[in-house]
Each structure stands twice: as C-alpha cells, then as structure tokens.
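One structure below.
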Amino acid sequence: MIPYGRQTISEADIAAVVRALRGDFLTQGPLVEEFERRFAETVGAKHAVAVNSATAALHLALRVAGIGPGDRVVTSPNTFLASANAAAYVGATPDFCDIDPVTYTLDPVDLEAGWLDDTRAVVAVDYAGQSCDLPEIARVARARGAIVIEDACHAVGGAFYAEGVAGGPWSQGGNRWADLAVFSFHPVKTMTTGEGGMLVTDRADWAELARTLRSHGIVRDPARFETAADDEVLAERGSWSYEMQELGYNYRLTDLQCALGLSQLGRLPEFLARRREIVAAYTTAFAGLEWLTFPGMRNPADAATASWHLYTVQIDFEMLGKTRPQVMAELRAAGVGTQVLYIPVHLQPWYRKTYRYGPGKCPVAEAFYARALSLPLYPSMTDADVAQVINAVDALDLATIR
Ligand SMILES: Cc1ncc(COP(=O)(O)O)c(C=O)c1O
C-alpha cells in the first residue's frame with residue numbers, strides 16, 4: 001500500500017541518532033542549539049526556538065505576543081485543529097475567515113471584509129506547502145494593529161514570490177510579512193524529528209521569552225534574576241539558583257530529536273526536489289481529467305519553490321458518478337492510500353458548542369472539503385509508485401483509462 005504520506009529515513013539519519021545516544025545528553029544538549037542555529041539560517045530568520053511540537057510553537061507564539069482573553073485570532077478553516085486551538089489555549093477567541101478557491105489558503109479579501117475590532121492576530125496557514133498570500137494578509141492585519149503568525153507547518157523549506165514586490169523568492173518563515181512563524185516536524189511533514197516543531201522570529205525578546213516558557217518559565221542566568229540579592233530566602237545564591245519568572249511548560253525538544261532534525265535538514269533540498277518532481281508528474285498526468293481539479297498556484301513561479309507537503313485534488317464526485325468513500329475504497333484496492341485534509345475546523349463539535357459556529361460560515365472551505373482528496377506524496381516514492389497512483393486515479397473513470 002502506498003500511503004498518502006510518510007517519513008524518509010536514511011542510514012545516515014539513524015547513525016546521527018545513534019551518535020547522539022552515545023553522547024552525554026539525551027535532552028537539552030548542544031544539538032538543540034545547533035539545530036536552532038542551522039534551521040534559522042536555512043529559513044533566513046534571526047532566531048529559532050526548538051519545541052516538541054508545532055502545537056507548542058503556536059501556543060508560545062501567541063503567548064510571547066501577549067495575545068489573551070478578550071482578543072480574537074483569525075485563521076483558515078482549512079487546516080489542522082492546532083492552528084485554531086492555540087488561540088483557545090491562551091484564552092483568546094479562535095475565529096475563521098474563508099479560503100481562496102484556487103490555492104485553498106486564507107483569502108485576504110474575506111479576512112478584510114469580515115474583520116472585527118478585537119482581532120489581534122492572524123494565523124496564516126501555508127496549506128499543502130503553498131504560501132498563503134502573506135503580503136496581502138499582513139497589509140490587512142497590520143493596518144489594524146494585528147500581528148501575523150505564519151503557520152508554515154506544511155512549508156518547511158518552501159519559498160514564494162510576492163506580486164509587485166521586487167526580489168524573492170521569500171522563504172516561508174524568513175519573510176518580512178510574518179512576525180512569527182511555526183514549523184512542524186511530524187513524520188508526514190517535509191522533514192521530521194518524530195514529533196517536533198520550531199518557532200522562528202526576528203525579535204530577540206520574543207525568542208528569549210519563548211525559550212523561557214519552553215522550560216517552565218525558568219531563568220538560570222543571574223544577570224536576569226528578578227529577586228533582589230538581599231532577599232531573605234534567595235539570598236544565598238549559587239550554581240543551583242534559578243527563578244521561575246513565568247508560568248511555562250515542558251515543551252522541550254530532545255537532543256536525540258535534534259540529531260535527527262539536523263540530519264534531515266541536510267537532506268531537505270533533496271526531499272523538496274523529489275516532491276516537486278512528483279507534483280509535476282501528477283499535474284501533467286491529470287491535466288485531461290474533467291472531473292478532477294488539481295491545486296492552482298497564485299503565482300506559477302511558486303510551483304518550483306513551494307515545499308509541497310500535500311497534493312490535494314478536488315474531485316467532482318457527481319460528474320464521476322461515485323461517492324468519496326467509493327473512490328477511496330477503489331484507490332485502496334489498487335494499493336493507493338488517500339486522506340481527506342481538512343474537515344473545516346469551525347464545523348468540529350467543540351467549535352460549534354463553544355462558539356456557535358456552523359455550516360455556512362466559510363462556504364468556500366466547506367465546498368472544498370466536500371471535494372478534497374489528498375493523494376500520496378513523499379520523497380521516497382519511486383517512479384513506479386507515482387505511475388501506480390496515476391493509473392489508479394485514471395481507472396476511476398473507465399472512459400479515461402489509457
Ligand atoms: C497546518 C498545521 N498546523 C499545526 C500543526 C500541528 O503540528 P504538530 O503535530 O507538530 O503539533 C499541523 C500538524 O499536523 C498542521 O498541519
């Protein structure tokens with residue numbers, strides 16, 4: 001069975017983890033800092049903070065930016081739950097605006113039209129690895145005093161061109177429009193650390209606070225201590241001293257995971273090249289299918305720079321004369337795994353119960369969901385695997401079998 005996504009682990013990746021296991025640190029050793037430094041360089045951000053998931057990174061992004069009760073955070077409904085849930089973690093109200101029907105990413109026109117005064121942040125998701133329209137999203141948000149958090153979980157290593165802006169390609173997470181960006185290293189993503197995530201920003205104060213919050217709000221540097229040295233209880237200071245200055249968490253990524261992350265980061269160009277190759281093959285093969293729409297690009301040049309985490313097509317099931325479960329079952333019988341990404345987040349029971357959201361709130365995302373199907377895409381797919389997927393999709397419609 002060809003799954004819709006999977007990790008690509010080499011002997012070199014395994015050797016890197018084994019080397020780390022033989023070292024002195026299993027967690028919080030030198031590889032954490034090295035991974036952060038190399039990752040920041042790769043995406044072109046000043047600071048990177050490694051955490052144990054992108055969910056944690058989203059939570060920290062909102063915390064360091066001071067988003068909390070009374071604030072609204074708008075995101076795309078076409079995303080994994082975490083993009084919205086993080087707002088609820090900090091006591092803010094998660095809200096949604098609709099998506100663009102061509103790129104399936106947050107629509108800045110709808111964002112502007114539905115803007116509410118209490119909105120303090122926009123979580124802008126690079127769905128499937130294609131950049132959302134960050135320049136427009138930032139224009140709308142910043143003019144109203146809100147920040148932009150780029151959810152680049154799908155877009156590790158991706159880049160985009162901005163219309164009307166000289167230069168580029170601008171990298172996801174390392175561009176001038178996102179105030180903070182988060183990445184996921186979950187196994188189906190473009191590179192992996194098992195579980196893991198990264199928060200990047202150009203602001204040193206936010207990065208420092210995120211590092212403190214990552215480990216229980218603990219500060220060990222005496223130069224940053226808040227308590228006066230003559231405080232009765234804390235007066236005797238030594239190498240054991242530390243202060244808890246914030247209510248933080250255990251969001252640490254381990255040295256073992258960073259060893260894998262560093263090794264995978266070195267292979268990222270190779271991963272991305274293969275993903276782009278497979279996408280080009282799919283797009284050429286599916287061009288003639290009337291009942292299938294493949295992902296559109298805002299800017300055709302982005303096809304060569306996007307990171308392509310997912311290849312999600314839209315199928316006109318009515319025209320094909322089959323339901324989605326039938327299509328998925330036929331593909332499974334042909335050895336092809338598929339997935340539906342995503343159920344619009346505002347339609348989840350918790351969102352309906354808590355915020356009274358429901359069908360009709362984001363009609364474009366809801367229509368997209370009704371037709372969406374993600375086909376297999378991962379770097380270790382062979383040409384034979386790609387051909388098997390194409391043939392299985394073709395065979396869904398007897399009229400198109402080649
Ligand atoms: C768009 C998006 N945001 C956030 C997350 C959360 O990432 P993690 O699983 O690393 O917490 C995911 C993961 O699936 C995602 O796809």
Just to be sure, is ALA166 aliphatic (A, V, I, L, M), away from the ligand (no atom under 14 Å from the Cβ) and either buried (at least 18 other Cβ atoms within 10 Å of the Cβ) or within 18 Å of the chain's Cα centre (by Cα) (or both)? no
Residues that are in contact (Cβ under 8 Å) with a residue 60 or more places away in the chain and either in the same structural domain as ALA159 (by TED's automatic domain parsing) or charged (D, E, K, R) (or both), drawn from segment 298-349: ARG298, ASP302, LYS322, GLU330, ARG332
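Pull up segment 298-313, narrow it to residues that are over 21 Å from ASP394 (Cβ atoms) and buried (at least 17 other Cβ atoms within 10 Å of the Cβ), then point me to the one that is nearest to the ligand (Cβ to nearest atom). Full working, then the answer.
Filtering segment 298-313 down to residues over 21 Å from ASP394 (Cβ atoms) leaves 298-309.
Narrowing the set further to residues that are buried (at least 17 other Cβ atoms within 10 Å of the Cβ) leaves 298-299, 302, 305-309.
Working: ARG298: 18, ASN299: 21, ASP302: 18, THR305: 19, ALA306: 15, SER307: 12, TRP308: 14, HIS309: 8 Å.
The selected residue is HIS309.
Filter segment 184-217 for residues that are part of a strand (DSSP E or B) and touching a helix residue (DSSP H, G or I) at 6+ places or on another chain (Cβ under 7 Å); which is farthest from the ligand (Cβ to nearest atom)? Quick ask: steps written out before the conclusion?
Filtering segment 184-217 for residues part of a strand (DSSP E or B) gives 184, 197-201, 215.
Filter once more, keeping what is touching a helix residue (DSSP H, G or I) at 6+ places or on another chain (Cβ under 7 Å): 184, 197-201.
On the way: SER184: 3, GLY197: 5, MET198: 10, LEU199: 11, VAL200: 14, THR201: 17 Å.
Among those that are part of a strand (DSSP E or B) and touching a helix residue (DSSP H, G or I) at 6+ places or on another chain (Cβ under 7 Å), it is THR201.
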When you scan segment 331-350, do you find a residue that is of a type outside the set (Ser, Thr, Tyr), at pLDDT below 95 and part of a loop (DSSP other than H, G, I, E, B), even just one? no
Name the pairs: first residue in segment 144-162 and within 18 Å of ASP302 (Cα to Cα), second residue at pLDDT below 95 and within 11 Å of the ligand (Cβ to nearest atom), Cβ to Cβ under 7 Å, at least 6 apart or on different chains? none
Out of the residues in segment 134-163 that are outside any loop (DSSP other than H, G, I, E, B) and of a type in the set (Asp, Glu), which is farthest from the ligand (Cβ to nearest atom)? GLU136
Filter segment 51-70 down to the residues that are within 13 Å of the ligand (Cβ to nearest atom) and β-branched (Val, Ile, Thr), then identify the one that is surrounded by the most Cβ atoms within 10 Å (Cβ to Cβ). VAL51
Among (1) within 14 Å of the ligand (Cβ to nearest atom); (2) of a type outside the set (Ser, Thr, Tyr); (3) not in a helix (DSSP H, G or I), VAL74 falls short only on (1)
Among the residues of segment 356-390, count how many are under 23 Å from GLY335 (Cβ atoms), hydroxyl-bearing (Ser, Thr, Tyr) and in a loop (DSSP other than H, G, I, E, B). 3
In segment 7-35, residues that are within 16 Å of the ligand (Cβ to nearest atom) and over 16 Å from the mean Cα position of the chain (by Cα) total 1
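Please state which one of ARG63, ARG38, ARG72 is of a type in the set (Lys, Arg) and in contact with a Phe, Trp or Tyr (Cβ under 9 Å, 6 or more places away or on another chain). I'd like the intermediate steps shown before the answer.
Working: ARG38 fails: in contact with a Phe, Trp or Tyr (Cβ under 9 Å, 6 or more places away or on another chain); ARG72 fails: in contact with a Phe, Trp or Tyr (Cβ under 9 Å, 6 or more places away or on another chain).
The unique qualifying residue is ARG63.
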May I ask you to list the residues in segment 293-324 that are outside any loop (DSSP other than H, G, I, E, B), closer than 18 Å to VAL156 by Cα and touching a strand residue (DSSP E or B) at 6+ places or on another chain (Cβ under 6 Å)? ASP302, TYR311, THR312
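The values are calculated or read from the model by the stated rules, or taken from the named source; none is laboratory data. A quick note: this is a predicted structure, and the numbers were derived from the prediction, not measured. No Cβ is skipped: glycine too gets one built from the backbone with ideal geometry, and neighbour counts run over all protein chains shown.
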